[in-house]
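Asker: This is the structure I have questions about; it appears just below.
The values are calculated or read from the model by the stated rules, or taken from the named source; none is laboratory data. Just so we're clear, the structure is a prediction, and the values are computed from it rather than from any experiment. All Cβ positions, even for glycine, are placed from backbone atoms using ideal geometry, and neighbour counts span all protein chains on display. Heads up: the accessible areas ignore ligands, DNA and RNA and are worked out on the full protein's heavy atoms, side chains in. Shrake-Rupley method; radii C 1.70, N 1.55, O 1.52, S 1.80 Å.
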Amino acid sequence: MINAILGQKIGMTQIFDEHGVIHAVTAVSVGPCVVMGITEKNIRLGYQDIEEKKVKKPQLGMFKKLNITPKRFIREVERSPKDQEVKTGDQIKLDIFQEGDYVDVIGTSIGKGFQGGMKRWNWSGQPQSHGSMMHRMVGSMGANTTPGRVFKGKHLPGHMGNIQSTIQNLKVMRVDLQNNILLISGSFPGNENNIVIIRKALKKKNKQPQVQAKP
């Protein structure tokens, strides 16, 4: 089956494991999602029902053609060769994850507006002594006659945050199938109620359940 699902970030809390060790976790309200389309490389998922009057007519026609209840959020996730069994209209639920699995979480970081170089790039700053008058300013960039310009990618003040960010190899601590809530260790980008994509980790293999051979 598909290895990714959409969810809505609830917030952070803490739990104790079976050894009495405390863990900081992020709670996510996950799925169920509906498969709305399948392409060669991607799978389109819909999440959270919405009233028809709040949907634009061209988009409403697409939902009616697919015979699917209108959805508030539509995202595409990467398709793997193992997703051959997925069909349009299928429901993707939380049971694709198990406790102990490792996941990658894709979200949008919190926007911080226009920021200076010291906050944006962690500059050490200019001298702080009396008379400097350039405590947090950019200062010289080293652009002499040659090359006569500032290279692209130079760390300068500008817009910070509000970009897509992925945190890899986070551990699934709890799976609540009854309430569709997933507890994931650590934190990941985004405000509360932001939509995130949770997929099985690409760089860390999950342990497969061992099947005991019959005597």
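Asker: I'd like to check something: does the range 106-129 contain any residue that is open to solvent by less than 60 Å² (accessible area, probe 1.4 Å), under 18 Å from C33 (Cβ atoms) and in a loop (DSSP other than H, G, I, E, B)?
Answerer: No: the range 106-129 contains no residue that is open to solvent by less than 60 Å² (accessible area, probe 1.4 Å), under 18 Å from C33 (Cβ atoms) and in a loop (DSSP other than H, G, I, E, B).
Asker: Please go through the range 14-64 and pick out each residue that is surrounded by 14 or more Cβ atoms within 10 Å (Cβ to Cβ), among the small types (G, A, S) and outside any strand (DSSP E or B).
Answerer: Once the filter is applied, which keeps residues that are surrounded by 14 or more Cβ atoms within 10 Å (Cβ to Cβ), among the small types (G, A, S) and outside any strand (DSSP E or B), the range 14-64 yields only G31.
Asker: Out of the residues in the range 135-152 meeting the condition of being over 12 Å from G117 (Cβ atoms) and of a type in the set (A, V, I, L, M), tell me which one is least open to solvent (accessible area, probe 1.4 Å).
Answerer: Applying the filter and picking the extreme gives A143.
Asker: Kindly indicate which of I74, I68 is touching a residue at least 12 places away in the same chain (Cβ under 8 Å), more than 30 Å from M160 (Cα to Cα) and either in a strand (DSSP E or B) or open to solvent by less than 50 Å² (accessible area, probe 1.4 Å) (or both).
Answerer: After applying the criteria, what remains is I68.
Asker: Here's another thing I want to ask about it. What single numbered condition from (1) buried (at least 19 other Cβ atoms within 10 Å of the Cβ); (2) at pLDDT 90 or above; (3) among the hydrophobic types (A, V, I, L, M, F, W, C) fails to hold for I92?
Answerer: For I92, the failing item is (2).
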